[in-house]
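Everything below concerns the one structure shown next.
The values are calculated or read from the model by the stated rules, or taken from the named source; none is laboratory data. Here the structure is a predicted model, which is why all the values come from computation and not from measurement. Methodologically, a virtual Cβ is constructed for each residue, glycine included, from the backbone with ideal geometry; neighbour enumeration extends over all protein chains shown.
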Amino acid sequence: MDDVDVDGEVPVEPCDRSDTVYVAIDGDDANPGTLDAPLATLVAALAKVADDEGLTRIYLGAGDFEGHYETPSQIVLVDGVTLRGGFSSDFCTYDPATYVTRIVEIFGRGVSDDVDPVESPITTVVAYDLPNGVVLEGLRIVLAEESDDAVAGIRLARTSAVLRDVVVEGGDGKYLHGIQVEDAPELTLERVTVSLQRSYQGGAAIRLDDVEEAVLREVRVDRPYYDSSFQYTAVRSEYHDVLAPKLTIERSMIHGGRSTSWTAGIIVEDFRASGTRLTARVVNNLVHAGEKGGQSYAIKFTGRSQGVSILHNTVYLGEATGFAYGISYEYAYSGADIRNNIIFADETSHFCVQRTGDGTIWNGMFETLSNNLFFDCPFALLSNGSTRIQTIEALNALSNVSANHLAASSPLADFTGPDLLPGTMANNDWGLAEGVPCTYARGGFAIPSVTTDFYGRTRSATPTIGAIEFTGECTP
């Protein structure tokens with residue numbers, strides 16, 4: 001990223017790089033792939049960089065590039081190569097919002113868990129066993145509307161990767177994943193959007209398995225266009241064998257989908273019997289637990305839920321009609337740090353915080369539940385499944401629990417629900433309403449590691465509860 005500013009439209013010089021293969025819709029695969037004589041297809045560019053160690057980048061101009069080639073119908077990435085779209089016709093300006101590069105017609109047969117990605121007939125963007133990793137930037141991956149089972153828009157296995165300014169959209173199938181990553185040392189998703197048509201029977205917009213260190217920043221998961229017939233999770237991360245996993249999800253907007261069975265925003269499951277504790281930070285996010293639902297979760301940690309920090313999130317359960325949980329975690333040796341969150345839960349079957357694992361409703365050892373703002377939570381402010389705490393006074397009387405608030409009316413500025421189309425979640429105002437009590441607007445606990453809000457604005461010395469820093473007038 002030394003030649004362009006990836007945050008916007010920036011002219012760069014020189015545009016002609018000796019380490020780069022250029023691809024344009026008006027190019028020709030008989031060309032050498034230079035700036036003045038670009039190739040026409042991505043498959044030709046990948047073949048060229050695979051044969052020349054001096055070529056480490058592929059740049060694509062705006063337009064639609066086919067993603068369906070010969071069997072196996074995949075776009076197989078090359079070790080250490082950056083694949084970047086979003087360029088102007090002269091390749092001097094990177095702005096993927098203006099110069100849209102689409103990889104289209106991604107469809108194909110499924111892949112089982114015991115088949116290596118590149119050996120299976122699945123159409124996707126694949127990176128497999130690449131020691132130097134890959135970078136994907138400025139691309140829009142378009143899945144076909146009718147996908148076979150277990151298709152993924154991007155699938156990475158045993159490969160570190162950076163995905164930035166990437167969109168995965170479309171698709172309709174069982175076990176469909178927008179982005180699927182397995183056994184990777186490092187993963188960064190930044191300014192990534194997943195907007196699926198439909199995924200069901202355990203599908204997920206983003207699915208991570210044994211990723212040692214993952215950072216999801218400014219990620220957006222839209223509500224799938226159609227209902228799911230069974231389980232769907234927006235972001236799911238599982239740990240089975242990795243020694244000391246780390247996970248960060250921050251400044252992201254995540255919708256848990258719509259299903260009569262199961263919906264979830266963020267699910268983290270730690271199945272390990274041993275190893276260093278999971279270190280997880282979920283900070284400054286807007287999380288929708290999903291619509292309908294026999295069971296819905298906004299943020300859920302299970303297994304060895306240790307070293308978990310859930311800070312300054314705004315969580316919405318208002319469209320979940322079954323049992324719904326704002327923050328749920330399993331206590332194991334040490335608990336969670338839950339501070340400065342807003343949890344909106346207005347149905348009789350809604351739980352604000354669910355805590356399981358040791359048979360008690362709370363023990364206060366290495367766990368904190370403070371400075372949160374709850375709206376309604378009629379079933380339970382805090383529950384362990386058998387015991388419920390329903391008053392704010394009883395909650396704040398617990399050890400390491402203090403300064404939580406229960407709002408008598410909705411504290412959110414403008415949440416109009418329901419979200420009928422992908423992306424309309426962003427049309428709602430998740431900030432606090434004008435005139436809210438100052439105990440909400442300036443009632444957060446100052447956390448040194450959280451200095452900005454969802455929009456990247458600086459937090460005040462007495463920060464706002466929730467993901468969005470309040471800038472209006474509050475009521476003393």
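Values as computed for the structure displayed
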{"read-out": "In region 439-470, the residues that are surrounded by 13 or more Cβ atoms within 10 Å (Cβ to Cβ), touching a strand residue (DSSP E or B) at 6+ places or on another chain (Cβ under 9 Å) and of a type in the set (S, T, N, Q)", "value": "439, 452, 464"}
{"read-out": "First in region 371-400 and within 23 Å of residue 314 (Cβ to Cβ) and in contact (Cβ under 8 Å) with a residue 12 or more places away in the chain, second anywhere and aromatic (Phe, Trp, Tyr) and assigned to a strand (DSSP E or B), Cβ under 6 Å, 6 or more apart", "value": "375/344; 379/351; 380/351; 381/374; 383/351"}
{"read-out": "Failed condition for residue 376, given (1) charged (D, E, K, R); (2) farther than 21 Å from residue 475 by Cα; (3) in contact with a strand residue (DSSP E or B) (Cβ under 8 Å, 6 or more places away or on another chain)", "value": "(2)"}
{"read-out": "Tally, over region 393-410, of residues that are hydroxyl-bearing (Ser, Thr, Tyr) and crowded, with 18+ Cβ neighbours inside 10 Å", "value": "0"}
{"read-out": "Positions within region 49-67 being of a type in the set (A, V, I, L, M, F, W, C), modelled with pLDDT under 95 and closer than 13 Å to residue 20 by Cα, in sequence order", "value": "50"}
{"read-out": "Those strands (runs of 3 or more DSSP E) lying entirely in region 175-219 with at least 2 residues in contact with a Leu (Cβ under 6 Å, 6 or more places away or on another chain) and surrounded by fewer than 22 Cβ atoms within 10 Å (Cβ to Cβ)", "value": "none"}
{"read-out": "Answer residue from region 220-256, given it is assigned to a loop (DSSP other than H, G, I, E, B) and surrounded by 23 or more Cβ atoms within 10 Å (Cβ to Cβ) and is modelled with the highest pLDDT among those", "value": "252"}
{"read-out": "Subset of region 183-202 (residues that are more than 20 Å from residue 250 (Cα to Cα) and out of contact with any Lys or Arg (no Cβ under 7 Å at 6 or more places or on another chain))", "value": "196, 197, 198, 199, 202"}
{"read-out": "When residues of region 158-198 are limited to those that are over 12 Å from the mean Cα position of the chain (by Cα) and of a type in the set (Lys, Arg), the one nearest to residue 285 (Cα to Cα)", "value": "164"}
{"read-out": "Total residues in region 265-308, condition polar (S, T, N, Q) and buried (at least 19 other Cβ atoms within 10 Å of the Cβ)", "value": "5"}
